[in-house]
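Student: Below: one structure in structure tokens.
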Amino acid sequence: MRLLIANRGEIALRIARTARRMGIAVLAVHSTADAGAPHLRAADALAPLPGGYLDIAGLLAAARALGATAVHPGYGFLSERAAFAEAVTRAGLLFVGPPARVIAAMGDKAEAKRLARAAGVPCLETAEPTPEAAARLGFPVMVKAAAGGGGRGMRRVEAPAALPEALALARREAEQAFGDGRLLLEPCLDGARHVEIQVLADAHGHAIHLGERDCSVQRRHQKLIEEGPALDAETRAAMGEAALRLARAVGYVGAGTVEFLLAPDGRFVFLEMNTRLQVEHGVTEALTGLDLVEWQLRIARGERLALRQEEVRLSGHAIEARLCAEDPAQGFAPQSGPVLAWRAPEGVRVDHALEAGRDIPREYDTMLAKIIAHAPTREEARARLAAALDETLLLGVASNRALLAAALRAPRFAAGPPDTGWLGREAGALAAETEAGTALHALGALLLAGIRHDTPPPFAGGPGHVLDLEGPRRAAIAWEGEWRVALGEAVHRIALAPGLASVDGIARPLAFAGDGGAIHLHWGGRDLRLARHAPRRAGEAAGDGALRAPFAAMVARVAVREGEAVRAGQTLLVLEAMKVQTPILAPRDGVVEALPAAGRREVSAGMLLAVLREA
């Protein structure tokens, strides 16, 4: 077998590791943005993909040029596109996944629900995306993309007035992610948990399930923390049997996941079936000792499953956290830019394709790495993963690392898997817990001033050197036999040594890097980016009238015109980055005085988007 991996990043590396162990030749492709990426170095041969990872014709041309005999789609991109599976098969290649007809049936959420009901699997009601249907279902309702998954094209709508904007955003997101803008509506099931069953089925009619994963810790309807086991034996058996009934009914082949909502009263309803390898498959691998990629490849070659249902054993507890390039303090706004430093934690499984010196491109998903802890008990796995996140070093791009650690340590999570709305309710408080205090700002100010462990005192600025920092806030730095940094009324004593910083007598490892006049540092499990305060720029209004891009992005839509009167909360424009569409809202009533974003295709972080003046 010569295996073309039609994907990128950490999943391409993950598939390559198993393929190499099985003696299978690894073939890779890359977009223009991914030239020189780590996943290419794991390949025996590679080909450029100028059209990107959604270019079916380009992928088939690469497969022919590289002499591929099989194609693994990974997850995301074309992994659940029936047209791709069919094209691969018609080209005489093995598609490592289910038949195209199964992908098509399960990829259409309305059709998938129909088939699930026919198989005796309980489902929520679905409806057309119209105001009348939403009123009949009753608010709040969930807008969902009819094709695809992964949280793309999903919006919770609390009231009728918000429905048109939610439909427009969800439709554009679905078209961008899946090439299909069809939508449907479902009632919201508040207080439920998101639990999924991993299934394996061969081409000879044998299917088993490998237990469950709880994926309830989510933001923007996308998973951040997954764990297993998470059900009692009775519920596991019932949910597992429902998943297998659906898999058998549709003639499933390969690895797949059947997703459910589990209500507080113990009843469960079918959500969707993902006809691919899941991001969180490592949780199941840790619990069962099985390599799911190996079984995907073996099933694709026509082998029979060698495991019976009664032989499946779940050992210990496993929890996975998704490290993402996003800023929780800005509503999980996606981030892109250079990786200045990266160090993976030890003692846990880390799937990643990160390396210092490479940029995180804004064209792709925000997920950077998956960190998985496995231990005899949930409490041990939880503590091990939180400690591993503290140890993880990522400088240069904002991430959710500290928030993940705070979520794992939160009393509600420690008590057991929460419901799907928990993180949304608690994200603000958790993000506040992870904010850098004055001690970290003082340390950052010292480094920003150019002081290092070998800087001879007094340094060039002399006693009383002052820095105006972003915030804005002022730092006064002085040498008094030791470094003292005053931030308002807070005064901190700091000593520096190679790889170490002591603040107020507490010594901890220090890592830092400079980037364009800013300093990035990691100390005491906290991260900080600190720069000098920049004066207001020309054209920027005082107060909150100037709206700047929170991250580098494409301008997906401009919804207003200069001179137009707007109301607080009205959408001014929509930015798109890392497959996420983010509306920029008017912070108050006013008139659009300037609209620099109009006519631009893309904007950089901090660029002026619009200026409002009072009406």
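The values are calculated or read from the model by the stated rules, or taken from the named source; none is laboratory data. A quick note: this is a predicted structure, and the numbers were derived from the prediction, not measured. Cβ placement follows ideal geometry from the backbone for every residue including glycine, while neighbour counts extend to all protein chains displayed.
Student: Kindly list the number of the only condition in (1) crowded, with 20+ Cβ neighbours inside 10 Å; (2) farther than 27 Å from V397 by Cβ that fails for E482.
Tutor: Checking E482 against (1) crowded, with 20+ Cβ neighbours inside 10 Å; (2) farther than 27 Å from V397 by Cβ, the one that fails is (1).
Student: Now for a different question. Would you point out which residue out of L389, L447 is among the aliphatic types (A, V, I, L, M), in contact with a Phe, Trp or Tyr (Cβ under 9 Å, 6 or more places away or on another chain) and within 27 Å of L500 (Cα to Cα)?
Tutor: Working: L389 fails: in contact with a Phe, Trp or Tyr (Cβ under 9 Å, 6 or more places away or on another chain).
Of L389, L447, the one residue that is among the aliphatic types (A, V, I, L, M), in contact with a Phe, Trp or Tyr (Cβ under 9 Å, 6 or more places away or on another chain) and within 27 Å of L500 (Cα to Cα) is L447.
Student: Going residue by residue through the range 376-387, is there one that turns out to be hydrophobic (A, V, I, L, M, F, W, C) and assigned to a loop (DSSP other than H, G, I, E, B)? Walk me through how you get there before you give the answer.
Tutor: Within the range 376-387, the first condition is being hydrophobic (A, V, I, L, M, F, W, C), and the residues that meet it are 381, 383, 385-387.
In the following step, the residues that additionally are assigned to a loop (DSSP other than H, G, I, E, B) were identified as none.
No - not one qualifying residue is present in the range 376-387.
Student: Has the range 82-94 got at least one residue that is assigned to a loop (DSSP other than H, G, I, E, B), in contact with a helix residue (DSSP H, G or I) (Cβ under 9 Å, 6 or more places away or on another chain) and either polar (S, T, N, Q) or at pLDDT 95 or above (or both)?
Tutor: Here is the first cut: in the range 82-94, the residues assigned to a loop (DSSP other than H, G, I, E, B) are 91-93.
Narrowing further to those that are in contact with a helix residue (DSSP H, G or I) (Cβ under 9 Å, 6 or more places away or on another chain): 91, 93.
Narrowing further to those that are either polar (S, T, N, Q) or at pLDDT 95 or above (or both): 91, 93.
Yes, the range 82-94 contains a residue that is assigned to a loop (DSSP other than H, G, I, E, B), in contact with a helix residue (DSSP H, G or I) (Cβ under 9 Å, 6 or more places away or on another chain) and either polar (S, T, N, Q) or at pLDDT 95 or above (or both).
Student: Also: Have a look at P187, P140 and point out the one that is within 20 Å of R219 (Cα to Cα), touching a residue at least 60 places away in the same chain (Cβ under 8 Å) and either out of contact with any Gly (no Cβ under 7 Å at 6 or more places or on another chain) or of a type outside the set (D, E, K, R) (or both). Lay out the reasoning, then the answer.
Tutor: Numbers: P140 fails: touching a residue at least 60 places away in the same chain (Cβ under 8 Å).
The conditions single out P187.
Student: Of everything in the range 553-611, what is acidic (D, E), over 28 Å from R152 (Cβ atoms) and either in the same structural domain as A174 (by TED's automatic domain parsing) or part of a strand (DSSP E or B) (or both)? Give them in sequence order.
Tutor: Residues of the range 553-611 acidic (D, E): 562, 564, 576, 589, 593, 602.
Imposing the further condition that a residue be over 28 Å from R152 (Cβ atoms) reduces the set to 562, 564, 589, 593.
Listed by number, the list holds a single entry, E593.
Student: Also, quick follow-up: Go through the residues of the range 444-461 one by one and say whether even a single one is within 34 Å of the chain's Cα centre (by Cα), within 30 Å of E391 (Cα to Cα) and surrounded by fewer than 19 Cβ atoms within 10 Å (Cβ to Cβ).
Tutor: Applying the first criterion (within 34 Å of the chain's Cα centre (by Cα)) to the range 444-461 yields 444-448.
After this cut, where a residue has to be within 30 Å of E391 (Cα to Cα) as well, the list is 444-448.
Checking which are surrounded by fewer than 19 Cβ atoms within 10 Å (Cβ to Cβ) leaves us with none.
The answer is no, given that none of the residues of the range 444-461 is within 34 Å of the chain's Cα centre (by Cα), within 30 Å of E391 (Cα to Cα) and surrounded by fewer than 19 Cβ atoms within 10 Å (Cβ to Cβ).
Student: Which condition number does G153 fail, the rest of (1) assigned to a helix (DSSP H, G or I); (2) surrounded by 14 or more Cβ atoms within 10 Å (Cβ to Cβ) being met?
Tutor: (1)
Student: Cβ contacts < 6 Å: first residue within 15 Å of R8 (Cα to Cα), restricted to the range 50-69; second residue of a type in the set (S, T, Y) and in a loop (DSSP other than H, G, I, E, B), any location; separation 6+ or different chain. Result?
Tutor: As it stands, the answer is G52/S31, since those pairs meet every condition given.
Student: Kindly provide the set of residues from the range 573-583 that are surrounded by 22 or more Cβ atoms within 10 Å (Cβ to Cβ) and aliphatic (A, V, I, L, M), ordered by number.
Tutor: Once the filter is applied, which keeps residues that are surrounded by 22 or more Cβ atoms within 10 Å (Cβ to Cβ) and aliphatic (A, V, I, L, M), the range 573-583 yields L573, L575, A577, M578, V580.
Student: Ok, one more. Among the residues of the range 476-515, what is the count of those that are under 37 Å from the mean Cα position of the chain (by Cα), part of a strand (DSSP E or B) and more than 21 Å from D454 (Cβ to Cβ)?
Tutor: Of the residues in that region, 4 qualify.
Student: Select, from I15, I24, the only residue that is touching a residue at least 60 places away in the same chain (Cβ under 8 Å), in contact with a Leu (Cβ under 7 Å, 6 or more places away or on another chain) and of a type in the set (A, V, I, L, M, F, W, C). Full working, then the answer.
Tutor: On the way: I15 fails: in contact with a Leu (Cβ under 7 Å, 6 or more places away or on another chain).
Checking each option against the conditions leaves just I24.
Student: Only one of these is out of contact with any strand residue (DSSP E or B) (no Cβ under 7 Å at 6 or more places or on another chain), charged (D, E, K, R) and surrounded by 21 or more Cβ atoms within 10 Å (Cβ to Cβ): D55, D34. Name it.
Tutor: Values: D55 fails: surrounded by 21 or more Cβ atoms within 10 Å (Cβ to Cβ).
After ruling out the rest, the residue left standing is D34.
Student: In the range 187-210, which residue that is farther than 22 Å from G97 by Cβ and at pLDDT 90 or above is surrounded by the fewest Cβ atoms within 10 Å (Cβ to Cβ)? Working first, answer last.
Tutor: Narrowing the range 187-210 to residues farther than 22 Å from G97 by Cβ: 187-195.
Now restrict to residues that are at pLDDT 90 or above: 191-195.
On the way: G191: 15, A192: 21, R193: 23, H194: 21, V195: 24.
Within the range 187-210, the match that is surrounded by the fewest Cβ atoms within 10 Å (Cβ to Cβ) is G191.
Student: Within the range 388-424, can you find the residues that are in a loop (DSSP other than H, G, I, E, B) and among the small types (G, A, S)?
Tutor: Of all residues in the range 388-424, those in a loop (DSSP other than H, G, I, E, B) come to 392, 396-400, 410, 415-421.
Passing the criteria: G396, A398, S399, A410, A415, G416, G421.
Student: Check E132 against each of (1) touching a Gly at 6+ places or on another chain (Cβ under 8 Å); (2) of a type in the set (D, E, K, R); (3) modelled with pLDDT of 90 or more and name the one condition it does not meet.
Tutor: In the conditions (1) touching a Gly at 6+ places or on another chain (Cβ under 8 Å); (2) of a type in the set (D, E, K, R); (3) modelled with pLDDT of 90 or more, E132 misses (1) alone.
Student: Given the criteria under 20 Å from the mean Cα position of the chain (by Cα), of a type in the set (S, T, N, Q) and outside the structural domain of P509 (by TED's automatic domain parsing), does Q335 qualify? Don't jump to the end; show me each part of the working.
Tutor: On the way: under 20 Å from the mean Cα position of the chain (by Cα): yes; of a type in the set (S, T, N, Q): yes; outside the structural domain of P509 (by TED's automatic domain parsing): yes.
Yes; evaluated as a whole, the condition is true for this residue.
Student: OK, next. Within the range 183-221, track down each residue that is polar (S, T, N, Q) and in contact with a Lys or Arg (Cβ under 8 Å, 6 or more places away or on another chain).
Tutor: Going through the range 183-221, the residues polar (S, T, N, Q) turn out to be 198, 216, 218.
Within the range 183-221, Q198, S216 meet the criteria.
Student: Residue under question is I24, and the condition is that it be among the β-branched types (V, I, T), in contact with a helix residue (DSSP H, G or I) (Cβ under 6 Å, 6 or more places away or on another chain) and either modelled with pLDDT of 95 or more or over 25 Å from E294 (Cβ atoms) (or both); does it hold?
Tutor: Taking the combined requirement at face value, the residue does not satisfy it.
Student: Here's another thing I want to ask about it. Where residues in the range 180-228 are in contact with a Leu (Cβ under 7 Å, 6 or more places away or on another chain) and assigned to a loop (DSSP other than H, G, I, E, B), which of them is nearest to E285 (Cα to Cα)?
Tutor: D202
Student: Also: Are any of the residues in the range 111-134 closer than 30 Å to M1 by Cα, part of a loop (DSSP other than H, G, I, E, B) and of a type in the set (V, I, T)? Spell out how you get there, then give the answer.
Tutor: Keep residues of the range 111-134 that are closer than 30 Å to M1 by Cα, which gives none.
No, the range 111-134 has no match at all.
Student: Got at least one residue in the range 264-282 being buried (at least 17 other Cβ atoms within 10 Å of the Cβ) and assigned to a helix (DSSP H, G or I)? Step through it out loud before you land on a result.
Tutor: The initial filter retains those residues of the range 264-282 that are buried (at least 17 other Cβ atoms within 10 Å of the Cβ), namely 268-282.
From what is left, the residues that are assigned to a helix (DSSP H, G or I) are 281-282.
Yes.
Student: Pick out the one residue from L423, L447, L443 that is assigned by TED's automatic domain parsing to the domain that holds A333, of a type outside the set (G, A, S) and touching a residue at least 24 places away in the same chain (Cβ under 8 Å). Quick ask: steps written out before the conclusion?
Tutor: Numbers: L447 fails: assigned by TED's automatic domain parsing to the domain that holds A333; L443 fails: assigned by TED's automatic domain parsing to the domain that holds A333.
On inspection, the qualifying residue turns out to be L423.
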